[in-house]
Amino acid sequence: MRYIEPHAHMVSRTTDDYVAMVTAGCKAVCEPAFWAGFDRSSSKGFYDYFRQLTEYEPARAAKFHLPHFSWLCINPKESEDLVLANEVIDLIPEFLDKPNVLGIGEIGLNKNSRNEMTILERHVDLAAQHQQLILVHTPHLEDKLKGTQLIVDLIKSDSRIDPSRVLIDHVEEHTVKYVMDAGMWGGITLYPESKATSPRAIDMIEAYGADRLWMNSACDWGVSVPLAVPYAAMEMRRRGYDDETIDQVFYKTPLAFLSQSQNFKLN
Amino acid sequence: MKPAKPQNPVDLYFMDARSKLIDIAAFMDRVEREGATDDFRYQAFLEALKELGQADRARSVLLSLSDPTKELIPAATTKAACGAWPGKG
Ligand SMILES: [Zn+2]
């Protein structure tokens, strides 16, 4: 099979993971900017991180013949500090011309606080000004429902943003319809405990179709599985899906969304 | 979307669901045995179990465990979520 991994934090993974992904049929990996597991002490830490995402990591992936793309932002977990967050956002425009940058992400909310919303609004404005795609992280667990609705409503209220250029990630059964009804795309994250399992992800795709829903591993430094996407493809096969449908879900659908960025080119 | 060759979901998933069901039962026995039933997360868990009695269960369980409020909070004092909404109890 061939597939696209639309959400993976490869800076936190080993080269063994690159080998395994490419062996499983991965044709491209997309890496959103995220929280490092600790708060960075200054915007200089983000400057280096953006260089890593736009220079070093694509070169590392290229050693395994895997095209690597990235999204830039300050994540909502570090948005409570408005001074830091504004400094980081000011750094982003100079990186938007890098050849592997797809857009602004993963932005969003974490605890649904006022400062998080202020910084989310700045990111959305940045995306609108520079005609960038948007990738959204929705909050965890009990905060997801409220956060998803707040985020979708904010983006919908900005007439400069075309909803078909927005992907709302980490949807679950209680948020997927809100995202689909808004005309946006949805990402289903395959995690061993939180977010969704493969059977639940496939249930959602059976209910809402694969036109605007993709699956990702969101693998990072935490409990996560870098091969979760091809494992979900195996689960679809177990359910009786044919190769054509599996190719649609795991390759053509993410390709359709990501190809809205001129920078998303596969060899 | 439906598979070309639909499989019996009970054949596919019964053993997995059976195992998870017994794990839930053992978890509840353990919490009771250790006298931790007052924990708001456990109370939220018991509430969410009631959602299994009707259709649309996955969505209903998730809604039951969610913060139902609409307003932004003044400030984030933690980064973590715990899986149940503390405001319910
Ligand atoms: Zn992520």
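Where a number appears in this text, it was derived from the coordinates with a stated rule and is not lab data. This is a predicted model, so every value here is computed, not measured. So basically every Cβ, Gly included, is an ideal-geometry build from the backbone, and we count neighbours across all protein chains shown.
Out of curiosity, is A:Asp153 more than 15 Å from A:Ser113 (Cβ to Cβ) and not in a strand (DSSP E or B)?
yes
If you scan region A:56-84, which residues turn out to be surrounded by fewer than 17 Cβ atoms within 10 Å (Cβ to Cβ) and within 17 Å of A:Arg114 (Cβ to Cβ)?
A:Asp81, A:Leu82, A:Val83
Provide a single number: the residues in region A:183-209 that are aliphatic (A, V, I, L, M) and surrounded by fewer than 19 Cβ atoms within 10 Å (Cβ to Cβ).
Total meeting the criteria: 1.
Residues of region A:185-200 being small (Gly, Ala, Ser) and within 16 Å of the ligand (Cβ to nearest atom), which ones?
The answer is A:Gly186, A:Gly187, A:Ser194, A:Ala196.
For region A:46-55, enumerate the residues that are exposed (fewer than 14 other Cβ atoms within 10 Å of the Cβ) and of a type outside the set (Asp, Glu).
Listed by number, the list holds a single entry, A:Arg51.
Looking at region A:11-59 only, could you name the residues that are closer than 25 Å to A:Gln248 by Cβ and not hydroxyl-bearing (Ser, Thr, Tyr)?
Once the filter is applied, which keeps residues that are closer than 25 Å to A:Gln248 by Cβ and not hydroxyl-bearing (Ser, Thr, Tyr), region A:11-59 yields A:Ala20, A:Met21, A:Val22, A:Ala24, A:Gly25, A:Cys26, A:Lys27, A:Ala28, A:Val29, A:Cys30, A:Glu31, A:Pro32.
Condition first: within 11 Å of chain B (Cβ to nearest Cβ) and either on the phi > 0 side of the Ramachandran plot or within 15 Å of the ligand (Cβ to nearest atom) (or both). Now tell me which residues in region A:103-147 satisfy that.
A:Leu109, A:Asn110, A:Asn112, A:Pro139, A:His140, A:Leu141, A:Lys144, A:Gly147
Just wondering, is there one or more residues in region A:228-245 that are within 16 Å of the ligand (Cβ to nearest atom), out of contact with any Asp or Glu (no Cβ under 7 Å at 6 or more places or on another chain) and more than 11 Å from every other protein chain (Cβ to nearest Cβ)?
Scanning region A:228-245, I find at least one residue that is within 16 Å of the ligand (Cβ to nearest atom), out of contact with any Asp or Glu (no Cβ under 7 Å at 6 or more places or on another chain) and more than 11 Å from every other protein chain (Cβ to nearest Cβ), so the answer is yes.
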